[in-house]
Amino acid sequence: MTATIVPTKPIAGQKPGTSGLRKKTPVFMGKDYLENFIQSIFDVVGAQGKTFVLGGDGRYFNDRAAQVILKMAAANGAARVIVGQGAILSTPAASHLIRLNKTDGGIIMSASHNPGGPTEDFGVKFNMANGGPAPESVTEAMYQRTTTISAYKILTAPDVDLATIGRSTLGGMIVDVVDPVADYADLMETLFDFAAIRAMFAKGFAMRMDSMCAVTGPYAVEILERRLGAASGTCVNATPLPDFGGMHPDPNPTWAKALMDEMFSAAAPDFGAASDGDGDRNMVVGRGIYVSPSDSLAVLAANAHLAKGYKGGLKGIARSMPTSAAADRVAAALGIPAYETPTGWKFFGNLLDAGRATICGEESFGTGSDHVREKDGLWAVLLWLNILAVRGQSVAAILAEHWARFGRNYYSRHDFEAIETAKADAMMAALRASLPSLAGRQIEGMTISAADDFAYTDPVDGSVSRNQGVRILFADGSRIVLRLSGTGTEGATLRLYLERYVAGPEGLDHDAQDALAPVIRAAHLLAGIAAHTGRQAPDVIT
Ligand code: VG1
Ligand code: CO
């Protein structure tokens, strides 16, 4: 087995976005595309003598990419790679394995909630030794490296057997194929009261867990059905498939429609949940009631002390800027700090490492804690189950009590997908230019109190991230946020985030879109969405 140095040339556009490098699968499968990016990772973080974790969400090309990455790791002098069996690892499980084994980082193959398949999406992200996504400084260095790369190293060797658990060698490198589920499931048992949840299931509590033919299937079956005794068949779409069975593994009311329909039917179980391609997102639904991710974060934070892993209380709560302020109200009530970070889990890493925050969340169906350094879909489901088991109430009752106590932050996100990039950029540029003139203006019966382009100074390392989204704040606490997605692979996706606060107990049970109607109208007027993009209505509403 010999390490070959293969000459190559830079390929344009290998710039990681909100969460790693994501492109159409045929692009990733193109000549030297994967190889150049992986070599750029190793050139930046160093591979010699190091140990990494490797796994992915099982989408098309996952298996081939894993072999290439292993051979490149060996040729670059890595000492050892820990791989999930079948090259499978959910994102939170990969984060846990990095931390548990104290490795130097990990490579996760996933385009998360984007569809998979020969003509869909593929992606690669690098996580650091703390188990969290590489910070902007590191991903920027990787991108810069792709612009000057002239060669990559790869071992000429037969494929590694990734189907069998156990140790083998590849050149001078150790390959440990591990059960992708066991360590993660054990970690969950340390955080939650499995006996109480098991007793709830034994008494007839019914649940539906939709893994959307993506990576959480084996995790959900092991934890919910085997360890917690949920009825067999609780987990559906539980076999990860290379094309996710044609599903769009994005757990929201639009793409997890079958689950929504069931939860709003006469035969609805007590609790429903879905997770995304790589298992870091979750959607939670009660019988006849949808839980918005921002509310879910707030409810989890307010009740986390009911689970044994959090009984000592929380150190702080962090949310991404576009996430509703519902969690801030909980932090205030608990007397702990609330942090507001840019979109993307990488910004939570320092707060978690420094012990300043315990629970974090994003409006995009992401919630997690300091148990790993990624958002964690099944963790959120288990924390909900633990809370339901302790409180013995329905999801609807828990939400109603929460809103009565804290008031309700009506919230919605409208996505306008595959807009021509130039048009979306022109719209954002015009909006940014208008910001200085907005304060004091009246619109739709509301007064604009401030407008800015969100910039974040990391309180731990002082690094500054600018241009993280336009915020328009109103005197009555309502808010509009606009930003362009950093995870799409086709044109530009405009995300419009809408929020309005209503203090309890009156006015709490409106439909969110109705409650937000004036805020929605104001957003369209201020940004000129239709004039710039030709779009009147969003493609996806969450
Ligand atoms: C989206 C979400 C963001 C999330 C990111 C990665 O990013 O809005 O909150 O962190 O996806 O999630 P963007 O730039 O498209 O808005 V995942 O589950 O795709 O790793
Ligand atoms: Co994801």
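The values are calculated or read from the model by the stated rules, or taken from the named source; none is laboratory data. All of these numbers come straight from a predicted model, not from anything done at the bench. Quick reminder, even Gly has a Cβ in these numbers, built from the backbone with ideal geometry, and neighbours come from all protein chains shown. Side chains included, ligands, DNA and RNA excluded: accessible areas come from the protein's heavy atoms. Shrake-Rupley method; radii C 1.70, N 1.55, O 1.52, S 1.80 Å.
Among the conditions (1) surrounded by 21 or more Cβ atoms within 10 Å (Cβ to Cβ); (2) modelled with pLDDT under 95, residue 254 misses just one, which is (1). Among the residues of region 461-513, those that are under 26 Å from the mean Cα position of the chain (by Cα), at positive phi and in contact (Cβ under 8 Å) with a residue 24 or more places away in the chain comprise 469, 491.
Considering each of 497, 501 in turn, give the residue that is aromatic (Phe, Trp, Tyr), surrounded by 17 or more Cβ atoms within 10 Å (Cβ to Cβ) and more than 16 Å from ligand 1 (Cβ to nearest atom). So that I can check it myself, show each step before the final result.
Values: 497 fails: more than 16 Å from ligand 1 (Cβ to nearest atom).
When all the criteria are applied, what remains is 501.
Does at least one position in region 524-540 carry a residue that is within 30 Å of residue 24 (Cα to Cα), within 16 Å of ligand 2 (Cβ to nearest atom) and not in a helix (DSSP H, G or I)? Yes, region 524-540 contains at least one residue that is within 30 Å of residue 24 (Cα to Cα), within 16 Å of ligand 2 (Cβ to nearest atom) and not in a helix (DSSP H, G or I). The number of residues in region 329-366 being within 11 Å of ligand 1 (Cβ to nearest atom) and touching a Leu at 6+ places or on another chain (Cβ under 6 Å) comes to 1.
For region 174-183, the criterion of being open to solvent by less than 10 Å² (accessible area, probe 1.4 Å) and either over 27 Å from residue 310 (Cβ atoms) or in a strand (DSSP E or B) (or both) is met by at least one residue. Could you check region 142-156 and list, in sequence order, the residues that are aliphatic (A, V, I, L, M) and surrounded by 17 or more Cβ atoms within 10 Å (Cβ to Cβ)? Residues satisfying the conditions are 142, 149, 154, 155.
Answer yes or no as to whether residue 67 is part of a helix (DSSP H, G or I), modelled with pLDDT of 95 or more and surrounded by fewer than 24 Cβ atoms within 10 Å (Cβ to Cβ). Give the steps one after another, and end with the answer.
Details: part of a helix (DSSP H, G or I): yes; modelled with pLDDT of 95 or more: yes; surrounded by fewer than 24 Cβ atoms within 10 Å (Cβ to Cβ): yes.
Yes: the conditions hold for residue 67.
Say whether the condition of being surrounded by 13 or more Cβ atoms within 10 Å (Cβ to Cβ) and more than 19 Å from residue 521 (Cα to Cα) is met by at least one residue in region 428-451. There is no residue in region 428-451 that is surrounded by 13 or more Cβ atoms within 10 Å (Cβ to Cβ) and more than 19 Å from residue 521 (Cα to Cα). Going through region 214-273 one residue at a time, which ones are touching a residue at least 60 places away in the same chain (Cβ under 8 Å) and acidic (Asp, Glu)? Listed by number, the residues that qualify are 243, 250, 270.
Could you list, in sequence order, the residues of region 86-120 that are within 13 Å of ligand 1 (Cβ to nearest atom) and open to solvent by 10 Å² or more (accessible area, probe 1.4 Å)?
Within region 86-120, 113, 114, 115 meet the criteria.
Taking the stated definitions as given, is residue 282 within 16 Å of ligand 1 (Cβ to nearest atom), touching a Ser or Thr at 6+ places or on another chain (Cβ under 8 Å) and assigned to a loop (DSSP other than H, G, I, E, B)? First the steps, then the outcome.
Numbers: within 16 Å of ligand 1 (Cβ to nearest atom): yes; touching a Ser or Thr at 6+ places or on another chain (Cβ under 8 Å): yes; assigned to a loop (DSSP other than H, G, I, E, B): no.
For residue 282, the condition - within 16 Å of ligand 1 (Cβ to nearest atom), touching a Ser or Thr at 6+ places or on another chain (Cβ under 8 Å) and assigned to a loop (DSSP other than H, G, I, E, B) - is not met.
Residues that are modelled with pLDDT of 95 or more, in contact with a helix residue (DSSP H, G or I) (Cβ under 6 Å, 6 or more places away or on another chain) and within 16 Å of ligand 2 (Cβ to nearest atom): does region 338-350 have at least one? Within region 338-350, not a single residue is modelled with pLDDT of 95 or more, in contact with a helix residue (DSSP H, G or I) (Cβ under 6 Å, 6 or more places away or on another chain) and within 16 Å of ligand 2 (Cβ to nearest atom).
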